[in-house]
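All remarks here apply to the structure that follows.
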Amino acid sequence: MNFNYSPETEDLVRRVEMFFASEILPRHREWVQEVGREGQAPSFIKEIQAKAKSLGLWNLALPDLAPDEPGTRLSNLEFAPIAEILGRLPWGSMAFNCHAPEVPNMAMLQSIATREQKARWLKPLLEAETRSAFAMTEPSVASSDATNIETKIEFEDDMIVINGHKWFSTGAAHPDCSFLIVMGVSDPEAGRTAQHSMVIVPINTPGLKIVRDLRFMGWTDHVAPIGEIKFENVKVPASNLLGIRGEGFKGAQVRLGPARIHHCMRCIGLAEMVLAQMVARAQERKTFGRTIVEYDTVQKWIAEARIDIEQTRLFIQRAAWMLDNSSDRNTWRAVSQIKVATPRMLQKITDRAIQLFGAMGGTDDTLIHHAWTYSRWLRIGDGPDEVHLRQIYKTEPLPDWSIADCPYIAPSAA
Ligand SMILES: Cc1cc2nc3c(=O)[nH]c(=O)nc-3n(C[C@H](O)[C@H](O)[C@H](O)COP(=O)(O)OP(=O)(O)OC[C@H]3O[C@@H](n4cnc5c(N)ncnc54)[C@H](O)[C@@H]3O)c2cc1C
């Protein structure tokens, strides 16, 4: 394992940092004002995206980017320090076309879409000319066990008919979202994991209705607004089947690695941003004749946050390196481990930051509340903690001795 970056990657990180400082951060106040007024991402994002693209700072999160696809191909490990920078702001990743759910959807389309599907659906995503959403979760079933999904996908002659109800489809409520990737039951008689298929559904197909925009703990995802959707006899051509019929879970697996690891990388950026604000605030505020930073409790919070961030960063780099080099069960175990550890780390730090900031910490004026909500939803989205913990437990190697002949147990002389 070698975490040293090549001179080319270091140069790229430096260029992303400069772009972030000169083009993105100075416009954050404008972003906040506009999303507050209009409820959606301001149009200046297009202008920033065009600049980023012209500088080669584009599609940095796709390790399998083909030579004829726009952007700069990086491994997961190389993307890690960049994702951190982009993660500092809710909309940082979007400026470089590195945001969710587009990246995991693009990775999946790269892997399993037909040539025609790539031309029609992947190409515009790579150019940020359109938006997409992944619709798996349903309100009426426990979706953390995806085999519960009930939406019906029926093949009739050369058409596919879809009936069902989805929610928490990130990005579906964005005005530019043009298609959904829908998971549903196509083969109810097959084995438990061979019943589901995925279908590409244009958002304007008759019978498809966005019922409402969803918020999570009062937080609106302005980059990819979350939709609840109903499907009533929605018909699309059979050629919209994505991947192999009955292999929906296998196909969707491709999007899980990048989706999870990128969220974790962004969390490190958020944690660094929050910690820097904690340090600054604690040095400026005074209570009972001392600056807050002089109190032991606060020094301990700052020091512990530093330890937590550094160890989680290394943990993520290890998982990224593993994902770059294999996709065996150890790799999935490593991804599950960071998926549990990282939002917990961010939640602990932001909870202390809210405390340290006092009332201001709970307002919309700082990004601390965003970091807190991000950490909280990530403990549920992309697989709740408990499901990952179960996976980690199941892959824990068993010792080849029983307790009775455990070589580490020595009966005492008494
Ligand atoms: C902000 C946000 C964005 C999302 N974006 C998307 C998206 O783009 N597309 C999409 O399809 N979905 C999305 N989701 C949905 C998300 O993936 C699901 O919420 C998640 O899989 C859990 O499913 P559920 O909500 O049905 O909870 P349930 O399945 O009902 O689970 C509830 C709880 O049961 C417990 N539990 C479950 N299994 C176990 C177990 N094995 N052991 C112990 N306890 C267990 C856990 O505590 C779990 O949190 C998003 C969710 C959020 C919050």
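The values are calculated or read from the model by the stated rules, or taken from the named source; none is laboratory data. It should be emphasised that the depicted structure is a prediction, and the values quoted were computed from it without experimental measurement. FYI the Cβ positions are ideal-geometry reconstructions off the backbone, even for glycines, and counts take in every protein chain you see. Surface accessibility is based on the protein's heavy atoms, side chains included, excluding ligands, DNA and RNA. Shrake-Rupley method; radii C 1.70, N 1.55, O 1.52, S 1.80 Å.
Could you pull the accessible area for THR287 with a 1.4 Å probe, rounded to 10 Å²?
THR287 exposes around 50 Å² with every protein chain in place.
Starting from the Cα of ALA119, step 7 Å toward the Cβ, then list every residue of region 239-264 with an amide N under 20 Å from that point.
239-243
Once ligands and nucleic acids are excluded and a 1.4 Å probe is used, how much of PHE315 is accessible, expressed in Å² to the nearest 10?
70
Counting pairs of alpha carbon atoms under 8 Å apart in space and at least six apart in sequence, what relative contact order in percent does region 133-269 give?
On the way: 286 pairs, mean separation 36.4, N = 137.
Dividing the mean separation by the residue count of region 133-269 yields 27 percent.
Return the distance in nm (one decimal) between the two label points of a simple spin-label model at GLN299 and THR147, each offset 7 Å from Cα along Cα→Cβ.
Spacing of the two 7 Å Cα→Cβ label points: 5.5 nm.
How large is the accessible surface per residue of region 131-242, computed with a 1.4 Å probe and reported in Å² as a whole number?
Values: 4800 Å² over 112 residues.
Each residue of region 131-242 exposes 43 Å² on average to a 1.4 Å probe.
Specify the residue with the greatest mean-square fluctuation among ALA276, ALA252, ALA305, computed from a Gaussian network of the chain linking alpha-carbon atoms under 10 Å apart.
ALA276
Could you work out how far apart the two model spin labels at LEU314 and GLN253 are, taking each label as a point 7 Å from the Cα in the direction of the beta carbon, and quote it in nm?
Here the modelled spin labels are 3.1 nm apart.
Ignoring everything except DSSP H segments at least 4 long, calculate the 222 nm mean residue ellipticity for the chain; use -39,500 (n - 2.57) per segment, divide by total residues, nearest 500. List each step's numbers first, then the result.
Working: 11 runs with 179 residues, N = 414.
Rounded to the nearest 500, it is -14500 deg cm²/dmol.
Can you tell me the relative contact order of the chain? Whole percent, Cα pairs under 8 Å, sequence separation 6 or more.
On the way: 661 pairs, mean separation 57.2, N = 414.
Relative contact order, the chain: 14 percent.
Out of all DSSP beta bridges in the chain, what portion is antiparallel? Express it as a percent rounded to 5. Walk me through the numbers on the way to the answer.
Details: 32 of 38 bridges.
Taking every DSSP beta bridge with both residues in the chain, the antiparallel ones total about 85 percent.
Starting from the Cα-Cα distance between ARG37 and THR205, subtract it from 0.36 nm times their residue separation and give me the gain in nm to one decimal. Please list the in-between numbers first.
Values: separation 168, 0.36 × 168 = 60.48 nm, distance 3.00 nm.
Full extension from ARG37 to THR205 adds 57.5 nm.
How many angstrom separate the Cα center of region 324-346 from the Cα center of region 233-262?
Computed from Cα coordinates, the inter-centre distance equals 22 Å.
Of the residues LEU398, LEU25, LEU62, which exhibits the maximal mean-square fluctuation in a Gaussian network model of the chain defined by a 10 Å Cα contact cut-off?
The residue that fluctuates most here is LEU398.
So what's the gap between the Cα centers of region 102-156 and region 159-219, to the nearest angstrom?
8
Hey, rough spin-label estimate for GLU154 and GLU8, points 7 angstrom out along Cα→Cβ, what's it come to in nanometres?
In this crude spin-label approximation the distance works out to 5.3 nm.
Calculate, for ASP364 and TRP401, the FRET efficiency according to 1/(1 + (r/R0)^6) with r their C-beta to C-beta distance and R0 41 Å; round to the nearest 0.05. Intermediate values should be presented prior to the final figure.
Values: r = 57 Å, r/R0 = 1.39.
Plugging the Cβ-Cβ distance into 1/(1 + (r/R0)^6) gives 0.10.
Which loop-located GluC sites (Glu not before Pro) does region 120-158 contain, where loop means any DSSP state but H, G, I, E or B and the Cβ has at most 12 other Cβ atoms within 10 Å?
Details: sites: GLU127, GLU129, GLU150, GLU154, GLU156; in loops: GLU127, GLU129, GLU150.
In loop regions of region 120-158 (DSSP not H, G, I, E or B), the sparsely surrounded GluC sites (Glu not before Pro) are GLU129.
Using a 1.4 Å probe over the heavy atoms of the protein chains, calculate the carbon and sulfur portion of the accessible area of the chain as a whole percent.
Using a 1.4 Å probe with all protein chains present, the chain comes out at 52 percent carbon and sulfur.
Kindly provide the Kirkwood hydrodynamic radius of region 167-268 in Å, to one decimal, from all pairs of distinct alpha carbon atoms. Mind dumping the intermediate values first?
Details: mean 1/r = 0.0661 Å⁻¹.
Across region 167-268, the inverse of the average 1/r is 15.1 Å.
Could you name the aspartates and glutamates in cross-link range of LYS286, using Cα to Cα under 20 Å and dropping any fewer than eight places away on the same chain?
GLU294, ASP296
Can you compute the label reach from LYS235? Point 7 Å from Cα along the Cβ direction, backbone N cut-off under 19 Å, restricted to region 153-172.
153-164
Under 17 Å from a point placed 7 Å out from the Cα of ARG306 along the Cα-to-Cβ direction: which residues of region 251-281 have their backbone N that close?
271-281
Over region 89-164, consider all pairs of different Cα atoms and compute the Kirkwood hydrodynamic radius from their mean reciprocal separation; express it in Å, one decimal.
On the way: mean 1/r = 0.0681 Å⁻¹.
Every distinct Cα pair counted, the radius reaches 14.7 Å.
Kindly sort MET278, MET136 by accessible area of their heavy atoms, largest first, with the probe set to 1.4 Å.
On the way: MET278 0, MET136 45 Å².
Largest accessible area first, the residues go MET136, MET278.
Just the Kirkwood number for the chain, please: inverse of mean 1/r across all distinct Cα pairs, in Å, one decimal. All intermediate terms of the calculation are to be shown ahead of the outcome.
On the way: mean 1/r = 0.0438 Å⁻¹.
It is 22.8 Å.
Averaged across orientations, what area in nm² does the convex hull of the alpha carbons in region 249-394 project?
Working: hull surface 37.4 nm².
The orientation-averaged projected area of the Cα hull of region 249-394 comes to 9.3 nm².
Quick check for me: using +1 on Lys/Arg Cβ and -1 on Asp/Glu Cβ, what's the dipole size of the chain about its Cα centre, in debye to the nearest 20?
Details: 46 positive and 51 negative charges, 151 e Å.
Dipole magnitude for the chain comes out near 720 debye.
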